[in-house]
1. With just the Cα atoms of segment 1-129, tell me how far they stretch along each of the three principal axes, in Å, largest first.
2. Could you tell me how far the Cα centroid of segment 151-222 sits from the Cα centroid of segment 126-143, in Å?
3. When you count, for each residue, the other Cβ atoms within 10 Å and take the mean per peptide, how do 224-235, 202-213, 124-135 rank with the highest first?
4. Output the peptides 107-119, 184-196 sorted from most to least packed, where packing is the average of other Cβ atoms within 10 Å over each peptide's residues.
5. Identify the trypsin sites (Lys or Arg not before Pro) of segment 14-69 meeting these criteria: DSSP loop state and at most 15 other C-beta atoms within 10 Å of the C-beta.
6. For Tyr199 and Thr161 in one chain, what is 0.36 nm times their gap in residues minus the Cα-Cα distance, to one decimal in nm?
7. Work out the length of the dipole vector of segment 1-88 about its Cα centre, built from +1 on the beta-carbon of each Lys and Arg and -1 on the beta-carbon of each Asp and Glu, and round it to the nearest 20 debye.
8. Bin width 5 Å, alpha-carbon pairs only: give the P(r) of segment 4-79 as whole percents, running from 0 to the bin holding the largest distance.
Amino acid sequence: MFKKCEGIVIRTNDYGESNKIVTIYSRELGKVGLMARGSKKPSSRLASVTQLFTYGYFFIQAGSGMGTLHQGEVISSMRSIREDIFTTAYASYILELTDKVTENNKPNPFLFELLYQTLAYMNEEYDAEILTYIYEMKMLNVLGLYPILDECAVCHEKEGTFHFSIREGGFICHRCLEKDPYHLKLSPITVKLLRLFYYIDLKRLGSISVKSETKKQLKFVIDQYYDEYSGLFLKTKRFLNQMESLKQALPDRK
């Protein structure tokens, strides 16, 4: 059976001298692994559509086992992502995160749209670091994690000064700080952004400028939460951390 689907290449693995196994995340089928025969050859009609980050239409033959990619049509190669090593690092992490937390053949149109919109914004040179934090916050539900961000996780009060408790799984207000002596102290803007990133419709994201100190707080909280609850250990995350350390040594970069 032949099918056409809209998708994004999230992983590629060489197979033999001239073939690739390509994993796409598609709107219609979810995550699908495909054999792309001859795609490593520069002259192959599959060469361009089997590159990482590529967004396009894929014409596949589905069967009981791995499908076969017969042809594809590139809508966007996400060229700007490829041209910047820092953006490539953030985008690669997003792809691996998506790959690790999704199952094969389980469509999720919302997740597909989130992935596409995030990469598209990165390709348009929006702040890749902030986009990554937004993506991480929105992926929590896919992981089965539901941080408490609209009230105090202990007393359920909605008003007050908030910080973050890894142990309680969300915000903790000033009245309950003694419940977790290891709570993470946050600025009011970090609290606001964590809540915004979790709930915002990414399509409505406008221009956003975040100070470096706030970014550090966002990264620390999100990393701590993922480390505690996600069970994920991603190669691209380690590389991204190395790249972020390098970026801090380049003051002319935003």
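1. Here the spans come out as 40, 32, 23 Å, largest first.
2. 15 Å
3. On the way: 224-235: 14.0, 202-213: 10.8, 124-135: 19.5.
For the peptides 224-235, 202-213, 124-135, the packing ranking is 124-135, 224-235, 202-213.
4. Working: 107-119: 18.5, 184-196: 16.4.
My ranking of the peptides, most packed first, is 107-119, 184-196.
5. Values: sites: Lys20, Arg27, Lys31, Arg37, Lys40, Arg45; in loops: Arg27, Arg37, Lys40, Arg45.
Within segment 14-69, the qualifying trypsin sites (Lys or Arg not before Pro) (loop, at most 15 other Cβ atoms within 10 Å) are Arg45.
6. Details: separation 38, 0.36 × 38 = 13.68 nm, distance 1.97 nm.
Here the answer is 11.7 nm.
7. Numbers: 12 positive and 7 negative charges, 35 e Å.
With only Lys, Arg, Asp and Glu charged at Cβ, the dipole is about 180 debye.
8. Binned Cα distances yield the sequence 4, 19, 32, 29, 13, 3, 0.
Values in this text are rule-based calculations from the coordinates and carry no lab data. All values reported here derive from a predicted model rather than from experimental measurement. When we count neighbours, we look across all protein chains shown, and the Cβ atoms used for this are built from the backbone with ideal geometry, even at glycine.
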